[in-house]
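The values are calculated or read from the model by the stated rules, or taken from the named source; none is laboratory data. All values derive from a computational prediction rather than experimental measurement. Neighbour counts are summed over all protein chains in view; Cβ atoms, including those assigned to glycine, are modelled from backbone coordinates with ideal geometry. Quick note on the areas: whole protein, heavy atoms, side chains included, nothing else; ligands and nucleic acids left out. Shrake-Rupley method; radii C 1.70, N 1.55, O 1.52, S 1.80 Å.
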Amino acid sequence: MNRSVLIALGLSIAVLGWLFSGSSNQPATQVNESASEEQTTPKELFKVTVRPMVAETVADIITLQGDIEPARAITVKAETHGSITNIGVESGTRVQQNQVMLNIDISDRQARLEQAQAELKLREAELKAAQQLKQRKLVSGNQLEQALANLAAAKSSVEQITVELGHTRIRAAFEGIANYRHVELGDYVQAGDPLIDLIDDQHIKIIARVPQQHVSKIELGQTVNADLLDGTTIEGQLSYISSQADPATRTFRIEATAQSKSNPRLGQSARVRLQLGDILAHKVSSSILSLAADGSIYVNAVDESNQVVRYVVEIIKNDSDGVWLSGLPENLNLIVVGQAFVAKGQTVDIAIEGQIETNVDADTEVDA
């Protein structure tokens, strides 16, 4: 083989080797450049809208389920025996203090009283005579003492029968309603038998039970409001706080006294409102509230680093246009758009509520 052919063959082999070497290095360079670009390009952040908020001072009010009861309610019972001879009131009628509601047959009590009174007069005369004879030393000291004892016994007998006669006239202990009459005309009663249920409808009690975590925040004398089902509101003053919690519910019984102006039907349920003091709170739309797996309510906000912060909150008051929340810091950036799509600790891209509309309006004016 001549020399020129060998030279040409060598050059061909060298060119082919160079070509193969260049094609294998080129993809590796491209891959490295793509990987470098991925590492240097930042991941796009989720965008949310936040509302800067400052807490306001509002009244911390709890609402409890309660009842409206009479301040006084008694069952008038017979204090002597006998038949009912007169009925002065019907069930549900109003009575005045000391008004006679029923009469029990006096039987022989009047005759016994007259006999006791005659006996008393006799004993008084005997004592007077004994005292005169004692001055003349015609009776002994023991005889005078006996005359005094006889007089005391006669007085006691008169008083006893007088009281018994008084028990035959059943009077109202206070002004109120004869709510229910247990007897009818001609019924025979014994001492202790129920006659009439009497309730004081002029003074009423608002009764409720306060949870143990709130009882330390209330005090005697403060205002208590009760809303009845018919829309009536009764205002009273806290007059009693139980010193011991109900072992079953861990709540404390409270009572507030009030004057009855509209004479409500007593015993009905009521929504009782009790102020615990003032508290810092934020007013938000209920649509931004979220429910956790454990049943607690929370909202999402962002901190200075634009990271999502979760706050467990408590609803302390409801208004027609939102709810008041406690459990939040005095100043915060509350997420109002996108709050349901972020996680605690996540870094987000924020936009301030209100500025979005301002920027859009400005861009529209520039374009025009």
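Details
- Surface composition of the stretch 164-281: carbon and sulfur make up 45 percent of the accessible area, probe 1.4 Å.
- Under the Debye formula (equal points on every Cα, no solvent term), log10 I(q)/I(0) of the stretch 41-90 at q = 0.15, 0.19 Å⁻¹: -0.86, -0.99
- Part-to-part distance (alpha-carbon centres) for the stretch 228-257 and the stretch 120-155, which is given in Å: 63 Å
- The base-10 log of I(q)/I(0) for the stretch 220-271, evaluated at q = 0.32 Å⁻¹, reads -1.21 [Debye formula, identical scatterers on Cα atoms, solvent excluded].
- Simple spin-label estimate for Ala125 and Ser286 in nanometres, 7 Å along Cα-Cβ: 9.0 nm
- Rg then Dmax, both in Å and based on the Cα atoms of the stretch 58-127: 23.9, 83.
- Surface per residue (accessible, 1.4 Å probe) for the stretch 137-192, Å²: 60 Å²
- Per residue, in Å², the accessible surface of the stretch 276-340 once ligands and nucleic acids are set aside, probe 1.4 Å: 51 Å²
- Projected area, mean over directions - the stretch 293-342, Cα convex hull, nm²: 4.3 nm²
- Space enclosed by the convex hull of the alpha-carbon atoms of the stretch 94-207, per residue, Å³: 168 Å³
- Ordering of 160-170, 185-195 by packing [mean C-beta count within 10 Å, highest first]: 160-170, 185-195
- Cα gyration tensor shape of the stretch 214-326, rounded if a/c is under 1.5, else prolate or oblate by comparing a/b with b/c: prolate
- Coupling constants for the stretch 194-207 follow from the phi torsions by the Karplus curve (6.51 cos²θ - 1.76 cosθ + 1.60, θ = phi - 60°), and in residue order they are x, 10, 9, 8, 10, 10, 8, 8, 8, 10, 10, 10, 9, 10 Hz; glycine and proline get x.
- Coupling constants for the stretch 143-153 follow from the phi torsions by the Karplus curve (6.51 cos²θ - 1.76 cosθ + 1.60, θ = phi - 60°), and in residue order they are 5, 5, 4, 5, 5, 5, 5, 5, 5, 4, 5 Hz; glycine and proline get x.
- Nonlocal amide H pairs with Ala351, under 5 Å, H built at 1.01 Å: Val48, Thr49, Val50
- Under the Karplus curve 6.51 cos²θ - 1.76 cosθ + 1.60, θ = phi - 60°, whole-Hz ³J(HN,Hα) for the stretch 325-331, x wherever Gly or Pro sits: 10, 10, x, 10, x, 4, 10
- Charge dipole magnitude, Cβ of K and R +1, D and E -1 - the stretch 115-215, Cα centre, debye nearest 20: 720 debye
- Ordering Ser156, Ile170, Ile207 by Cα displacement along the dipole of the stretch 115-229 toward the positive end leaves Ser156 in first place; charges were set at the Cβ atoms of Lys, Arg (+1) and Asp, Glu (-1).
- For Ser239, distant residues with modelled amide H under 5 Å away: Gly221, Glu255, Ala256, Thr257
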